[in-house]
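The values are calculated or read from the model by the stated rules, or taken from the named source; none is laboratory data. Everything numeric here is computed off the predicted structure, so don't read it as measured data. Using ideal geometry, Cβ is built from the backbone for each residue, glycine included, and neighbour counts are taken over all protein chains shown.
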Amino acid sequence: MSALPLPALHASHGGSWLRDGAAGTRTISKGEAVMAAADTPLLILNAPLLATRLGYPDLSGLDLLELFAFVHPARFVVPTPKGIAHALGLSEPQSDADVPRLLQEAAGALIETCESPDWPEREGAWTTLESLTRLRWPWASLLGGRIARPQRAERWLFTRLPEWEEAAEQAQPRQVELDEPSVLQRLDQLTGAQAESRTGQRAYAVDSASAFSPRQASGQPRVLLAQAGTGIGKTLGYLAPASLWSNLSGGTVWVSTYTKALQRQLRRESRRAWPDRRDDGSQPVVVRKGRENYLCLLNLEDALQGGFSGRAAILAQLVARWAAYTRDGDMIGGDLPGWLGTLFRQRGIAALTDRRGECVYAGCPHYRKCFIERSARASANADLVIGNHALVMVNAARGRDHAARPTRIIFDEGHHVFDAADSTFAAALTGAETIELRRWVIGPEKASRGRRRGLAARLADLASYDEAGAKAITAARAAAEALPGDGWMQRLTEGAPSGPVEELLAAVRATVYARDESGGQEAGYGLETEAANLDGAFVEVAQEARVALAALRQPLIRLGGRLEALLEDPPDWLDGPGRARIEGARHSLSWRIDTLAAWEALLDRLGGPADPEFVDWLAVDRSEAREYDIGIHRHWLDPMKPFARVVLEPSHGVVMTSATLRDGEDWGKAIARSGAEHIGVAPRLSTHPSPFDYANQAEVLIVADIPRGDIPALAAAYTRLIEASGGGALGLFTAIRRLRAVHGRIADRLARTGLPLYAQHVDPIDTGTLVDIFRDDPGASLLGTDALRDGVDVPGHSLRLVVMEQVPWPRPTILHRARRLAGGGSAYDDSIIRARLAQAFGRLIRSREDRGHFVVLSSAFPSRLLSAFPNGTPVRRISLDEALQRIAGDVSEEAIKQDDRAQSRP
């Protein structure tokens, strides 16, 4: 293998290094690095990140990650020098100065792969390279001549993809009772004969089996709330009875998660219970996500045929390469590299998914190969479906897909069910939502090369066949003119709204700013005010908007009726695909009719007495002082009421499980947040403490001498804590602004000591990839916000310190204030804080070998919150200097133990 003799550039917070061809590597300044990058194409790794490090946003070059995505589509790699080295079997760089040479070696290895007759991803590469050459992809000239032209013309991507097949509807599951010996025997099969027997896991599996017993009355599911501490082995614990029940009954079990990381873990663990494929080729385990997660083949075709231009067109070609090799077409958290979209510095990935609800179903030429449809059909006959909380609730609420309405559900990460229900059953009448509805009805206002079409274009055959249907489409199109159009936000800021709904949004904006009491201090955040005590002029504008929305809903209802009549008495020309397309149109219509009805109900209440079931408010959404949406919001005071009716009541058995389900020893909050009481069900309660020795594995340090709000002191504390631990730190912030301020002060200093620092909302890298990088480098540290508080699973030495910048107090929003009042005042706040602390602490100890410290930088940490931590965990209120001594001492002790273990290995 020979290195590619081209100049290579690497930069980190610690400096910049350039290697000229085959010459040696030298340290250069940022200015020299920018000049070199501007002068000639350089070998680089992760251009957006490098551009951020150099402060040169226009940086471009020969990015190794783009080449890797071309050569090895759908193959995982951590996008760091170390990750590239491991993926290609090269020596890991020992320092930043070694990275440019690695880039040359990696480029050489990837190009040699293209010349190898054993290259497994060869098919389609030559054709794609021809397209990339026309697009002037930087790597195209280096690959030209390296990839042999195939003897036969390569098949076009859309002809290579397999078609899904229809399957017979699954019979009702048999009613079976699981006995304890059978469940434990199944658990032993899954864990393996050599596995250590865990008493807690065995008891947990037996308790979980209770949810699979036949229910005794309609609308009365068997509900289990299971608190299972970290290390119990929850996944195999519930998969044992789930797989046994599915095998005996012939039914489908759904496991619902909140994070994509747990979905990936479940896919891996499920292989112990089920093979990847049955003998007939079908899948016993299927991962289901919302439509917006999957590649839309029609969007991809439009992008490849001119819908994308410039760098976005190159992205489309690389996604097409991936589409031919992907397992299931999942673009968000699946086998599409999370870093691929960020390389192109735009929302190209989102544009290739079905985010606007514009699917034409059987009217699409790629319908039979659609990843979304394939996943939905595979789940109908699967033994296990791995979904997420939002998908389970949305499918249950809309009721279109009976196969997606499970009767046995396990909600893992059950502490998030309340939040998912809160989002699912809310209503938001905003500018962004209304303009999307307008585009769905009318189509784009400007000429578009894409496939966006209005109702008239999508249902042209119905309009030509059915006069009543054609009239309904015309009436809907006319009524949709009352909705906001392009440029609505600018018109509002200029005081020139157009149409009744824009008039309403203008009134919302004016009211919010009139009632704002922040004095301009909250310039970086959104503003809100209660939808109460509104003046007569506002109420009048709201009623005019309500009339306009009703004028749109009525023709949509009539159109839905005509579609239903068409299906009941089909004409001769309506074939199977046409029928499926009409069914899809009915589904989309139903969704939007329900949305309009919710908006009308919301507006009808304004000016009248408050509905105690709901919390309504007006909001101006802003980011970095820039307004991006305006509207009226409605949330259930208790979203578990609709959840209980829509999800629980039709179910037969439900398990909600988490390591942080209850508040300390109190089950009250967990029971209330299960929704079971709303349908008269008393849930079974189950507790299984963690097997970890927290007294010896972890320590909570409450550092009391960092003044709140003092950014320099906070940054200095983070620097010293990370240095004391030698990296391996997860820093959790409650505000993005403070995160950025701290990162900007400490990143360079830490990098100079060999401790790389990454951060959400700073580095141009998606969260999942940031966690992959953090996990892969024991010397790295990661700063983040709520998404990292319980979405990170990093066992081992890579995570040995968690630092919270302050007590995670709830943000005092209007919705929170209403729930606080209904939930017991300060006690409600305390339960939320304890849950957040428990979730954050749960990141620290993930295995029996883990050791670490949990630090809270708080000058006043209330003692009543200490029950958030596991029993036996030492808690010390100390100064920063004392904390540094304890952390550094334990790190040194652990290093000695690791050396001893390494020397004792044969």
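The table below gives the values:
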| read-out | value |
| --- | --- |
| Selection from region 87-97 of residues that are part of a helix (DSSP H, G or I) and touching a helix residue (DSSP H, G or I) at 6+ places or on another chain (Cβ under 9 Å) | 87, 88, 96 |
| Residues (buried (at least 21 other Cβ atoms within 10 Å of the Cβ) and either over 15 Å from the mean Cα position of the chain (by Cα) or not assigned by TED's automatic domain parsing to the domain that holds residue 715 (or both)) located in region 757-772 | 757, 758, 759, 763 |
| Test: residue 593 is more than 16 Å from residue 433 (Cα to Cα) and not polar (S, T, N, Q) | no |
| 2 or more residues over 21 Å from residue 655 (Cβ atoms): qualifying helices (runs of 4 or more DSSP H) within region 131-206 | 140-143, 157-160 |
| Failed item, numbered, when residue 628 is tested on (1) assigned to a strand (DSSP E or B); (2) surrounded by 16 or more Cβ atoms within 10 Å (Cβ to Cβ); (3) of a type outside the set (S, T, N, Q) | (2) |
| Some residue of region 818-825 being modelled with pLDDT of 95 or more, hydrophobic (A, V, I, L, M, F, W, C) and under 29 Å from the mean Cα position of the chain (by Cα) | yes |
| Residue match in region 234-248 (condition: under 30 Å from residue 849 (Cβ atoms) and in a loop (DSSP other than H, G, I, E, B)) | no |
| Considering residues of region 831-848 that are among the small types (Gly, Ala, Ser) and outside any helix (DSSP H, G or I) only, the residue modelled with the highest pLDDT | 842 |
| Subset of region 73-86 that is of a type in the set (A, V, I, L, M, F, W, C) and in a helix (DSSP H, G or I) - its residue that is farthest from residue 320 (Cα to Cα) | 85 |
| Pair list, Cβ < 6 Å and 6+ apart or interchain, from region 698-726 residues that are over 22 Å from residue 846 (Cβ atoms) to residues that are among the aromatic types (Phe, Trp, Tyr) | 702/861 |
| Conditions (1) aliphatic (A, V, I, L, M); (2) over 30 Å from residue 531 (Cα atoms); (3) part of a helix (DSSP H, G or I): number failed by residue 782 | (3) |
| Tally, over region 98-128, of residues that are within 25 Å of residue 83 (Cβ to Cβ) and assigned to a helix (DSSP H, G or I) | 20 |
| Test result for residue 70, part of a loop (DSSP other than H, G, I, E, B) and touching a residue at least 40 places away in the same chain (Cβ under 8 Å) | no |
| Checking residue 418 against (1) at pLDDT below 95; (2) farther than 28 Å from residue 248 by Cβ, the condition it does not meet | (1) |
| Residue selected from region 674-729 under the condition acidic (Asp, Glu) and assigned to a loop (DSSP other than H, G, I, E, B), by the criterion surrounded by the most Cβ atoms within 10 Å (Cβ to Cβ) | 705 |
| Region 265-290: number of residues that are outside any loop (DSSP other than H, G, I, E, B) and within 21 Å of residue 371 (Cα to Cα) | 6 |
| In region 420-444, the residues that are touching a helix residue (DSSP H, G or I) at 6+ places or on another chain (Cβ under 8 Å) and without any contact (Cβ under 8 Å) to a residue 60 or more places away in the chain | 423, 435, 438, 442, 443 |
| Subset of region 8-56 (residues that are closer than 19 Å to residue 108 by Cβ, surrounded by fewer than 22 Cβ atoms within 10 Å (Cβ to Cβ) and not aliphatic (A, V, I, L, M)) | 20, 21, 24, 25, 40, 41 |
| Some residue of region 27-35 being within 20 Å of residue 132 (Cβ to Cβ), assigned to a loop (DSSP other than H, G, I, E, B) and polar (S, T, N, Q) | no |
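Each row is one residue, and each column tells you yes or no for (1) under 30 Å from the mean Cα position of the chain (by Cα); (2) aliphatic (A, V, I, L, M).
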{"residue": "4", "(1), (2)": "no, yes"}
{"residue": "13", "(1), (2)": "yes, no"}
{"residue": "19", "(1), (2)": "no, no"}
{"residue": "26", "(1), (2)": "no, no"}
{"residue": "47", "(1), (2)": "yes, yes"}
{"residue": "54", "(1), (2)": "yes, yes"}
{"residue": "58", "(1), (2)": "yes, no"}
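Residues checked against (1) at positive phi; (2) surrounded by fewer than 19 Cβ atoms within 10 Å (Cβ to Cβ); (3) in a strand (DSSP E or B); (4) not assigned by TED's automatic domain parsing to the domain that holds residue 409:
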site	(1), (2), (3), (4)
601	no, yes, no, yes
612	no, yes, no, yes
616	no, no, yes, yes
620	no, no, yes, yes
644	no, no, no, no
650	no, yes, no, no
670	no, no, no, no
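Listed here are the residues, each with its yes/no results for (1) farther than 18 Å from residue 757 by Cβ; (2) among the polar types (S, T, N, Q); (3) part of a loop (DSSP other than H, G, I, E, B).
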{"position": "10", "(1), (2), (3)": "no, no, no"}
{"position": "23", "(1), (2), (3)": "yes, no, yes"}
{"position": "37", "(1), (2), (3)": "yes, no, no"}
{"position": "50", "(1), (2), (3)": "no, no, no"}
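Okay, residues lined up against (1) outside the structural domain of residue 533 (by TED's automatic domain parsing); (2) closer than 15 Å to residue 589 by Cβ; (3) of a type in the set (Ser, Thr, Tyr):
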residue	(1), (2), (3)
460	no, no, no
472	no, yes, no
480	no, yes, no
484	no, no, no
489	no, no, no
495	no, no, no
505	no, no, no
511	no, no, yes
514	no, no, no
